[in-house]
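The values are calculated or read from the model by the stated rules, or taken from the named source; none is laboratory data. Given the structure is predicted, the values throughout are model-derived calculations rather than measurements. Please note: Cβ atoms are built from the backbone with ideal geometry, for glycine as well, and neighbour counts cover all protein chains shown. Each accessible area value is taken on the protein alone, full model and side chains, heavy atoms only, with ligands, DNA and RNA left out. Shrake-Rupley method; radii C 1.70, N 1.55, O 1.52, S 1.80 Å.
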Amino acid sequence: MKLHHAVLALSLSVMATFAVASTAAIGERQQVMKSNGAATKSIMGMLKGEAPFDLPTVQKALATYQDNTTKFVTLFPDDSKTGEKTSASPKIWDDMAGFLAANEKFKADAKAASVAIIDEATFKATMPNVLKSNCGACHEAWRIKDAQ
Amino acid sequence: MNLPARLLLVFCVFILAAGYWLTDFDAHFAFMGDGRWKATRAADPVNGKVLFSAGGCISCHASSGADDRVHLGGGKPLKTPFGTFYPPNISPDLKDGIGRWTETQFIRAIRDGTAPDGRPYYPSFPYTSYRHLSPDDAIDIFAYIRTLPPVSGKPPNHDLTFPFSIRRGVGLWKLAYLNGSVIEPEGNRSESWNRGRYLVEGVGHCAECHSPRNFAGAIIDEKRLSGGPNLEGKGTVPNITPDKTGLAAWSEADIASLLKDGFTPDFDSVGGSMAEVVRNTAELSDMDRMAMAIYLKSLPPLQGQMRSK
């Protein structure tokens, strides 16, 4: 009986560790994405002509995007496919190479934009496409809400 | 029973009932439609372009692989619980497209779901919503399509599971569920509200994804726009009525802005099939996007499923 309990307790704690491991990764990657959201918020007013153009803020947002891509890709362990209301598509684990390429493209685009953007005109010419072809495009292909 | 099984059952009943009714397409031809097949003025391709964008025609009819917005060769697979559809070539090509069609044939296709030879179209072509277009607006879309380059080649036949593969069953489905007519302005509402309603309920076909469906795959009217299953796969489509499970916390400007750049008020970027919808609504004017927002916010709030995010 005692042994039984011990085994049970052990297996429960193993399961709990697993659960913790995956939830942590999911929570962290959602946090990374929230930071992308916040960075985007800081420049959207300028894009819409509601706030005055400010180059340092734009460059900071672009740097945030690049930093975030580095961390983001480390947060998709096999045990994080489900749980914590993740909206990551299961397709990510079927085609990790494709997903990593999408992340790399985002990094490269943000980097190229940080060179290209020197004033308001270059900002308005460059930024919308960086957002559309990355935030929107990656979410279109690699994300499903309420899939579980 | 799960949804596909129930749909299957209903479809079988339809097929049986179809015994000899509709064995000849002329019968179908005569019974379908609200009789509004004629335009009252000459076509205006400029208005047609706006409605073509609002209608998302390109999302289904673009040549597969091509990501430009002008080649309507069709063929991009559209996966549904009934099987895979390959939307046809609707470019103005004389041989493989609709280059030889008359205005009346086009009006009947898009408003009644009836092909030039009388065959019924599957409602995966959202004519249940396009039915709300006036014949004048329909020919405007046709005129715009005729300005686009012809594309040769025909996509493969649809790959549907039995019994959905029997096109005749669709005739009866239409008889039961194809209703509604041209949306006319309501005098006691503002011009933008009326415009918004026309775009959302008609050509924009927002309800086709954002509503729950009944056992036969038809939209449940009392729950229109309160969210639905994602017919193309897993997940759900959110409630867009102003309920707390929907857009209660969104301002009209928030909704208009999402339809322009795809960002929610939390600076999340919409994904899934909505990303493609935004590519279309981004082509519209600020006024049209605001009109849709005004209409959505005026709806009675309906409770939907609470989304996880």
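Seen from all directions on average, the range B:41-159 presents a Cα convex hull projection of 6.9 nm². Find out how many positive minus negative residues lie around A:Ile92, taking Lys and Arg as positive, Asp and Glu as negative, among other residues whose Cβ is under 10 Å from that of A:Ile92. Residues near A:Ile92 contribute +1 overall.
Mean partner shielding of peptide A:39-45, defined as the number of other chain Cβ atoms within 10 Å of each residue Cβ, is 2.
Across the range A:67-148, the mean sequence separation of Cα contacts (distance under 8 Å, 6 or more residues apart), normalised by length, yields a relative contact order of 43 percent. When the charge dipole of chain B is built from unit charges on Cβ atoms (+1 for Lys and Arg, -1 for Asp and Glu) and taken about the Cα centre, the candidate among B:Ser273, B:Leu299, B:Tyr86 whose Cα reaches farthest toward its positive end is B:Tyr86. Per the Debye calculation on the range A:31-126 with a single equal scatterer at every Cα and no solvent contribution, log₁₀ I(q)/I(0) for q = 0.15, 0.20, 0.21 Å⁻¹ amounts to -0.67, -0.98, -1.04. Largest first and in whole Å, the equivalent-ellipsoid semi-axes of the protein assembly as shown read 41, 30, 21, each the square root of five times a Cα gyration tensor eigenvalue. Accessible area buried by the pairing of A and B, both sides summed with a 1.4 Å probe, works out to roughly 1700 Å².
In the context of the full set of protein chains, residues of the range B:98-218 present 40 Å² of accessible surface per residue (probe radius 1.4 Å, heavy atoms only). Taking a ≥ b ≥ c as the square roots of the eigenvalues of the Cα gyration tensor of the range B:116-247, is the shape rounded (a/c under 1.5), prolate (a/b larger than b/c) or oblate? Here the range B:116-247 falls in the oblate category.
For the residues of A:128-140, the average number of beta carbons from a partner chain within 10 Å of their own beta carbon is 5.
Couplings 3J(HN,Hα) for the range B:111-122, derived from phi with the Karplus relation 6.51 cos²θ - 1.76 cosθ + 1.60 (θ = phi - 60°), are 9, 9, x, 10, 6, x, 8, x, 5, x, 8, 5 Hz, where x marks Gly and Pro. Within straight-line reach of A:Lys107, meaning a Cα separation under 17 Å, sit the following aspartates and glutamates at least 8 residues removed in sequence or on another chain: A:Asp67. Normalised by residue count, chain B yields a Cα convex hull volume of 135 Å³ per residue. Residues whose amide H lies under 5 Å from that of B:Thr80, counting only those 5 or more places away or on a different chain, are B:Phe85; hydrogens are built 1.01 Å from N in the peptide plane. For the peptide B:261-267, the mean number of other protein chain Cβ atoms found within 10 angstrom of a residue's Cβ is 6. Charge tally around B:Ser192: other residues with Cβ under 12 Å, Lys/Arg +1 each, Asp/Glu -1 each, net +1. Net charge in the neighbourhood of B:Phe125 (other residues with Cβ under 13 Å of its Cβ; Lys, Arg +1, Asp, Glu -1) is +4.
Packing around the peptides B:237-246, A:70-79, taken as the average count of other Cβ atoms within 10 Å per residue, puts them in this order, highest first: B:237-246, A:70-79. Using a cutoff of 8 angstrom between alpha carbon atoms and counting only pairs six or more residues apart, the relative contact order for chain B works out to 19 percent. The share of accessible area on the range A:53-148 that comes from carbon and sulfur is 58 percent, using a 1.4 angstrom probe. Highest average first, the peptides A:31-38, B:86-93, B:210-217 ordered by how many other beta carbon atoms sit within 10 Å of their residues are B:86-93, B:210-217, A:31-38.
Take every pair of alpha-carbon atoms less than 8 Å apart whose residues are at least six positions apart; their mean separation over the length of the range B:111-178 yields a relative contact order of 40 percent. Among the trypsin sites (Lys or Arg not before Pro) found in the range B:57-162, those both in a DSSP coil and sparsely packed, with 13 or fewer other Cβ atoms within 10 Å of their Cβ, are B:Lys95, B:Arg100.
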